[in-house]
Structures are given as C-alpha cells and as structure tokens.
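Read the structure below first, then the notes.
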Amino acid sequence: MSDSWRLALPIAGTVLVLDQLSKFLIERALLLHQEVMLLPFLSLQLTYNKGAAFSFLHDAGGWQRGFLSVVSIAVMLWLGIWIHRLAPAERRLVWPLALILGGAAGNLIDRLSVGAVTDFIVLHYRGWHWPTFNLADAAISLGVVALIYLSLRRTRS
C-alpha cells in the first residue's frame, strides 16, 4: 500500500463512518421534514434528495439513481487512481482527495440502499435558506475548496 493510501484510507473512512452514523441517528430522531432549530442560523430537518447537488435532477423520474450511482463510482475510482499516483511532493493533496472520496462513498451508500441521499443540515438567515445537506456533502465541498486553494497556491509559486 502506498504512503498516500495509508493516509487517505483513515481520512475517507472517518468521513464515511461519521456521515453514515449521523444519517442513522437523524433518521431515528426526526420525522420527515420535521425541523429542529439548534441555533438562529442552523436547523436539522430530515429530507431525501433523489437528485444531485442542490436537488438537480430530483424530479427526473427515477433514471437518475442509476446514472448518479455510476457517476459516483467513476469519480471514486478516478480519485483512487489519483491518490495512488501521487508523488511524495504532492502528499498535501491526500487530505482533500480523501475528504471527497469519503463523502462520495457516503452518498453512494444512501443512493444504493435508500434510493436517495439523506440530508438534514439546514443553514438559514432571515428567510434565506441554503439547500439542505449532510456531512458527506460538507466533506466533498471542503475537499473541493482545498483542492482549488492548493492548485491556485501552486500556480503562484
């Protein structure tokens, strides 16, 4: 096993376990669409997204489940190859790639087992609501932002 994988597997695994555990607990604590206010800008609300990010393709009629599952698997394979091929000088990329990989795996498990992704985190402020998301989505977003940051930083050097 490469050094990159020795670092990536625990990160991706932790994201996957925390994501699945949080979804398990939320599904047992809340009814569908029940909202629990935690802070003035943060609520929990159980929802299911049959589509992709921001509910894109949510009402597509069912074909999106297979399509998005295949896309997720392809992305995960591509990330795995990328992690495997990282040169020692590129090890800083392991964290963001592993965050994306773990998040993609968490949402894929939902899509395959439930037919939709379990979302429950709602950010809001004065009537404005960010689309409901989960820990896997947060890990993917954080990983993408970190990849962009690292690539911009590298191009400036």
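The values are calculated or read from the model by the stated rules, or taken from the named source; none is laboratory data. What you see is a predicted model, and the numbers here were worked out from it, not measured in a lab. Don't worry about glycine lacking a Cβ; one is built from the backbone with ideal geometry, like all the others, and counts go over all protein chains shown.
Restricting segment 82-100 to residues that are among the basic types (Lys, Arg) and part of a helix (DSSP H, G or I), which is nearest to the chain's Cα centre (by Cα)? Explain how you work it out, then say what you get.
In the first step, residues of segment 82-100 are kept if they are among the basic types (Lys, Arg); the result is 85, 91-92.
Checking which are part of a helix (DSSP H, G or I) leaves us with 91-92.
Details: Arg91: 21, Arg92: 20 Å.
Among residues in segment 82-100 that are among the basic types (Lys, Arg) and part of a helix (DSSP H, G or I), the one nearest to the chain's Cα centre (by Cα) is Arg92.
Do we find a residue being part of a helix (DSSP H, G or I), crowded, with 17+ Cβ neighbours inside 10 Å, at pLDDT below 90 and not β-branched (Val, Ile, Thr) anywhere in segment 53-63? Show your work before the answer.
From segment 53-63, those part of a helix (DSSP H, G or I) are 53-55, 63; that's our starting set.
This time we only want the ones that are crowded, with 17+ Cβ neighbours inside 10 Å, so: none.
Among the residues of segment 53-63, not one is part of a helix (DSSP H, G or I), crowded, with 17+ Cβ neighbours inside 10 Å, at pLDDT below 90 and not β-branched (Val, Ile, Thr), which makes the answer no.
Can you tell me how many residues within segment 14-40 are small (Gly, Ala, Ser) and in contact with a Leu (Cβ under 7 Å, 6 or more places away or on another chain)? So that I can check it myself, show each step before the final result.
We begin by selecting, within segment 14-40, every residue small (Gly, Ala, Ser); these are 22, 29.
Still in the list and also in contact with a Leu (Cβ under 7 Å, 6 or more places away or on another chain): 22.
Counting residues in segment 14-40 that are small (Gly, Ala, Ser) and in contact with a Leu (Cβ under 7 Å, 6 or more places away or on another chain) gives 1.
Take the residues of segment 101-121 that are over 30 Å from Leu152 (Cα atoms), among the β-branched types (Val, Ile, Thr) and surrounded by fewer than 21 Cβ atoms within 10 Å (Cβ to Cβ): which is farthest from the chain's Cα centre (by Cα)?
The initial filter retains those residues of segment 101-121 that are over 30 Å from Leu152 (Cα atoms), namely 109-120.
Next, from what is left, pick out any that are among the β-branched types (Val, Ile, Thr): 109, 114, 117-118.
This time we only want the ones that are surrounded by fewer than 21 Cβ atoms within 10 Å (Cβ to Cβ), so: 109, 114.
On the way: Ile109: 11, Val114: 16 Å.
Result: Val114.
This table checks each residue for (1) small (Gly, Ala, Ser); (2) in a helix (DSSP H, G or I); (3) exposed (fewer than 14 other Cβ atoms within 10 Å of the Cβ); (4) modelled with pLDDT under 95.
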| position | (1), (2), (3), (4) |
| --- | --- |
| Ser4 | yes, yes, no, yes |
| Gln20 | no, yes, no, no |
| Ile26 | no, yes, no, no |
| Met37 | no, no, yes, no |
| Gln45 | no, no, no, no |
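Of the conditions (1) in contact (Cβ under 8 Å) with a residue 12 or more places away in the chain; (2) more than 13 Å from Leu9 (Cα to Cα), Leu101 clears all except one; give me its number.
Of everything listed in (1) in contact (Cβ under 8 Å) with a residue 12 or more places away in the chain; (2) more than 13 Å from Leu9 (Cα to Cα), Leu101 misses just condition (2).
What are the residue pairs meeting all of these: first residue in segment 73-96, first residue modelled with pLDDT of 95 or more, second residue charged (D, E, K, R), Cβ atoms under 7 Å, and 6 or more apart or on different chains?
Here the result reads none, with nothing in segment 73-96 linked to a residue that is charged (D, E, K, R).
Could you check, for segment 9-25, whether at least one of its residues is touching an Asp or Glu at 6+ places or on another chain (Cβ under 8 Å) and either of a type in the set (Gly, Ala, Ser) or under 23 Å from Ile81 (Cβ atoms) (or both)? Before you say what the answer is, go through the steps one by one.
The initial filter retains those residues of segment 9-25 that are touching an Asp or Glu at 6+ places or on another chain (Cβ under 8 Å), namely 23.
Those left that are additionally either of a type in the set (Gly, Ala, Ser) or under 23 Å from Ile81 (Cβ atoms) (or both): none.
No, there is no match, as no residue in segment 9-25 is touching an Asp or Glu at 6+ places or on another chain (Cβ under 8 Å) and either of a type in the set (Gly, Ala, Ser) or under 23 Å from Ile81 (Cβ atoms) (or both).
Determine if segment 126-145 includes at least one residue that is within 16 Å of the chain's Cα centre (by Cα), surrounded by fewer than 17 Cβ atoms within 10 Å (Cβ to Cβ), of a type outside the set (Val, Ile, Thr) and outside any helix (DSSP H, G or I). Spell out the reasoning first.
Kept after step one, since they are within 16 Å of the chain's Cα centre (by Cα), are these residues of segment 126-145: 130-145.
Now narrow it down to the ones that are surrounded by fewer than 17 Cβ atoms within 10 Å (Cβ to Cβ): 130-131, 138, 141-142, 144-145.
Restricting the remaining residues to those that are of a type outside the set (Val, Ile, Thr) gives 130-131, 138, 141-142.
If we keep only those that are outside any helix (DSSP H, G or I) too, we end up with 130-131.
Yes: one or more hits.
Output the residue which, of all residues in segment 104-157 that are of a type in the set (D, E, K, R) and modelled with pLDDT under 95, is farthest from Leu68 (Cα to Cα). Give the steps one after another, and end with the answer.
Keep residues of segment 104-157 that are of a type in the set (D, E, K, R), which gives 110-111, 119, 126, 137, 153-154, 156.
Filter once more, so that each one left must be modelled with pLDDT under 95: 111, 126, 153-154, 156.
Details: Arg111: 8, Arg126: 33, Arg153: 32, Arg154: 32, Arg156: 35 Å.
Selected residue: Arg156.
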